1. For the chain, modelled as a GNM with alpha-carbon contacts under 10 angstrom, which of Val344, Val129, Val278 fluctuates the most?
2. Report the GluC sites (Glu not before Pro) located in the stretch 93-197 that are in a DSSP loop and have at most 11 other Cβ atoms inside 10 Å of their Cβ, or state none.
3. Could you compute the FRET efficiency for Glu203 and Arg140, with r as their C-beta to C-beta distance and R0 at 56 Å, rounded to 0.05?
4. I need to check one value: relative contact order of the stretch 3-69, counting alpha carbon pairs closer than 8 Å and at least 6 residues apart, in percent.
5. Please give the Cα centre distance for the stretch 249-266 versus the stretch 291-340, rounded to the nearest Å.
6. In whole Hz, with x marking every Gly and Pro, tabulate ³J(HN,Hα) for the stretch 351-366 from phi via Karplus 6.51 cos²θ - 1.76 cosθ + 1.60, θ = phi - 60°.
7. With 26 Å as the limit, write out which pairs from Lys169/Lys297; Lys297/Lys356; Lys169/Lys272 have Cα-Cα distances beyond it, or answer none.
8. To the nearest 20 debye, what is the magnitude of the charge dipole of the chain about its Cα centre, counting +1 on the Cβ of each Lys and Arg and -1 on the Cβ of each Asp and Glu?
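Computed from the coordinates by the stated procedures, all read-outs in this text should not be read as laboratory data. In this text the structure is predicted, and so the values were computed from the model without any measurement. We place every Cβ from the backbone using ideal geometry, glycine too, and count neighbours over all the protein chains shown.
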Amino acid sequence: MKLLEIINFSKEYLEKYSFSKSRVESEKLISYVLQMERVNLYSNFEMELTEDEKTKIKSFLKEMARKRKTFDEILKDRKEIEKNEIEISKNYKNENIEILSKSIQYLKKFGVENARIDTEYIFAYVLNVKRNSLMLNFNREITKEEKEKIREFLIRRGKRREPLQYILKEWEFYGLPFIVDERVLIPRPDTEILVEECKFLLEEIENPKILDIGTGSGAIAISLAKLYPNAKVIGVDISSEALEIANKNKELNNTINVEFILSDVFEKISEKDFDLIVSNPPYISIDEYKELMPEVKNYEPRLALTDNGDGYYFYKKISKEAFEYLKKGGYLAFEIGYNQGEEVSEIMKKDGYDVKGVIRDYGDNQRVVVGRKE
């Protein structure tokens with residue numbers, strides 16, 4: 001419909017509802033919707049209106065007819081409603097910011113590191129929004145049910161010192177989502193350094209064959225499988241419970257080129273000639289384990305954290321046995337503790353590897369050692 005037809009239609013529509021100045025009212029309404037001076041309406045009488053403009057005009061007409069109010073009165077009502085909504089939104093935002101602030105203080109009271117970040121993650125999870133857009137979603141009311149869920153999570157994180165990742169049941173690693181709970185070690189940003197180094201080692205190998213020892217949640221194996229869709233990746237772990245999570249993460253990330261096997265290191269591995277064997281083994285000494293923060297010691301699986309000795313048992317075992325399973329020129333890559341670089345390097349050298357060096361993480365701590373089977 002053209003503009004002139006819309007004007008005439010609106011005029012006739014309002015006449016049916018006994019508006020005394022139906023043409024004036026229709027002109028006011030249409031000029032408002034089109035953002036056009038009334039005097040210019042008829043000079044543009046052949047103008048085609050968009051569907052959105054026609055819908056807005058119909059909406060005003062129906063409201064005017066239903067309420068028996070002029071266009072000016074309807075416009076005044078709408079502006080008043082909009083003003084009230086803004087005021088309500090402002091009140092909700094102030095209230096929600098106060099709740100957030102008190103929640104942060106609650107976690108600080110229990111000595112939680114990064115209390116603000118953890119609180120924001122909890123709010124974002126419960127409100128089903130991204131953490132970086134949390135404040136943009138504070139203009140609505142947080143329901144009673146949502147407040148109860150936030151309170152429950154805060155108690156678990158603060159009073160009980162349960163890790164945030166286990167509360168949320170999912171965490172990101174290397175840009176991918178991973179299901180996590182008490183059956184597996186929480187994937188950490190430091191381990192991404194290990195994946196990055198593996199990526200560098202494999203970049204010129206067309207169809208790499210990879211073994212991940214102590215796979216846990218499958219974070220390393222799945223990340224490498226996503227990086228190299230033509231690779232064959234095997235992840236092994238001694239814990240059947242951990243492998244349940246790993247297989248869920250395999251499905252979650254749609255990685256068909258990774259397989260998980262229940263095995264104590266190389267015990268059930270029949271294949272050989274791997275291009276890369278990678279491991280983030282339990283490397284915390286028993287003395288250090290006793291001093292760990294409660295989130296780690298009380299919740300994360302002890303089996304994945306410590307060898308109950310000096311922290312070097314698995315480096316020695318894997319380094320010695322891996323030599324037989326690597327192809328010539330293949331690599332062995334370990335994640336290590338902040339002060340283990342020199343000792344792990346010596347272990348690998350004694351087993352015949354050409355140690356390429358110790359790689360540091362973003363905090364300038366020793367984090368990865370790589371050796372090559374010459």
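1. Val129
2. Glu113
3. So, using R0 = 56 Å, E works out to roughly 0.75.
4. So the answer I get is 39 percent.
5. 19 Å
6. After applying 6.51 cos²θ - 1.76 cosθ + 1.60, I find 8, x, 8, 8, 6, 7, x, 10, 9, 9, 8, 5, x, 6, 9, 4 Hz.
7. Lys297/Lys356; Lys169/Lys272, as the Cα separations exceed 26 Å there.
8. With Lys and Arg at +1 and Asp and Glu at -1, about 1840 debye.
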